[in-house]
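The values are calculated or read from the model by the stated rules, or taken from the named source; none is laboratory data. Keep in mind that what you see is a predicted model, and the values were worked out from it rather than measured. Cβ placement follows ideal geometry from the backbone for every residue including glycine, while neighbour counts extend to all protein chains displayed. Heavy atoms of the whole protein, side chains included, go into the accessibility calculation; ligands, DNA and RNA do not. Shrake-Rupley method; radii C 1.70, N 1.55, O 1.52, S 1.80 Å.
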Amino acid sequence: MNDPAPGRAAIDEVVHGSLEAVYRKCRDDTSGAVADYIPELARVDADRFGIAVATAEGRLWRFGDADDEFTMQSVSKCLVFCMALELLGRRQVFEFVGVEPSGDAFNAIVFDPHTGRPFNPMVNAGAITIAGLLYGALGDGAMPALLERLSRAAGRDLKVSEAVYVSERETGHRNRAIAHLLLNVGALSAPVEAVLDLYFRQCSILASAVDLARMGATLANIGKNPVTGDPVFDVAAVRDTLAVMFTCGMYDYSGHWAIDVGMPAKSGVGGGILGVVNRQLGIGTFSPRLDAKGNSVRGVEVCRRLADDLGLHAFECTNYGSSFVRGML
Ligand code: GLU
């Protein structure tokens, strides 16, 4: 039998080289602005920049501030949605929230005119609805269950930033308004403050770029954490989650993202992006300066360049770049 070691070493070199080049190219871009509508978020060091790539076999590459923690914010939405699908089943979840891209900002106060429900679980209205479903099913046990599940996806114990949580709770008037409208249209039935508390806490979970890459690798590995072997998410729920991430995960840039990068992903206003190459790898990026749509400027550029260099676009159909790497990762 051939010794696989030389092939693997060559692939490692290509990926490492590509990551390093991408890191260097994007590092000097200081455009964009840190989210400041949650006061505590405005206090982060805007220059921090980390990237990590984890394979569905358990390998990991990291650059820069890849171990620095930041709050997941909306990145949490995809994983919490996955958990809700599994706990409550598709039918119940889709009765309360749709799966259509909204084309509106993440915090828009707008519902699907045909159904009266939030457009999808990746915008605030949809994510608050999902939090309501989880709270309805698990009550005060919802947050510990959610934190445990995300920790298992990352492969280590995650914690909540109390400072960011308090800051969100005290200033989240828009989310409070959305929650009351959801109550009004019957998309939410649990006590509003308890549901918002759950939502604010899930947004305030601390994770690093390495954690996001590991979580992405868990999704890529059809729900099983490749490092711990833990079956974290149900396969059917992962399939639906990746589909919604693909169409709705990058705010109102999602359509262009599908063209430019072509992978399921979710970003958050804390500066994180979690990307997934199905069956292959997870990508985690962290850089707090955001563009006008709320996506990390450097993070988007990192994913775009990596997709080009390594041939990671879901519909890549040429041998352009290093797409041969894709089948071998
Ligand atoms: N906690 C933030 C909010 O509700 C999350 C927004 C985001 O990351 O898109 O406004």
note = Scoring region 29-71 by relative contact order with C-alpha pairs under 8 Å, at least six apart, yields a percentage of 27 percent
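Under DSSP H, which helices of the chain have Cα atoms covering 27 Å or more of the helix axis and a Kyte-Doolittle average no less than -1.0? Working shown, then result.
On the way: long enough: 5-27 (32 Å, -0.22).
Membrane-span-like by this rule: 5-27.
Within region 58-167, what whole-number % of the accessible surface is contributed by carbon and sulfur, with the 1.4 Å probe and all protein chains included in the calculation? Write out the running numbers ahead of the final one.
Working: 2140 of 4270 Å².
Whole-percent figure for carbon plus sulfur exposure: 50.
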Inter-label distance, nm, simple model (7 Å from Cα along the C-beta direction), Y37/A163 = 2.2 nm
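At a 1.4 Å probe, what is the % contribution of carbon and sulfur to the accessible area of region 216-307?
Details: 1400 of 2570 Å².
Looking at region 216-307 in its full context, I get 54 percent from C and S.
Per residue, how many Å² of accessible area does the chain show with a 1.4 Å probe? Walk me through the numbers on the way to the answer.
Values: 13150 Å² over 329 residues.
On a per-residue basis, 40 Å².
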query = Counting other Cβ atoms within 10 Å, which GluC sites (Glu not before Pro) in region 1-92 have at most 14 and lie in a DSSP loop?
reply = E57
ask   = Efficiency by 1/(1 + (r/R0)^6): what FRET value for A236 and T30, r their Cβ-Cβ distance, R0 = 45 Å, to the nearest 0.05?
value = 0.60
key: Highest-first arrangement of 218-228, 188-198, 297-307, 237-247, where packing means the average Cβ count within 10 Å   = 297-307, 218-228, 237-247, 188-198
query = What fraction, in whole percent, of alpha-carbon pairs in region 41-133 exceed 24 Å separation?
reply = 40 percent
task = Figure the gain on full extension for V185 and E20 (residue separation times 0.36 nm, minus the Cα-Cα span) and round it to one decimal in nm.
result = 54.5 nm
inquiry  = Rounded to two decimals, what is the ratio between the C-alpha radius of gyration of the chain and 2.2 N^0.38 Å?
reply    = 0.94
query = So how far apart, in nm, are the two label points at R279 and A243 if each is 7 Å from Cα heading toward Cβ?
reply = 1.8 nm
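For the chain, calculate the relative contact order in percent as a whole number, restricting contacts to Cα pairs under 8 Å that are 6 or more residues apart. Write down the numbers at each step before the final one.
Working: 688 pairs, mean separation 83.8, N = 329.
Once divided by the residue count of the chain, the mean separation gives 25 percent.
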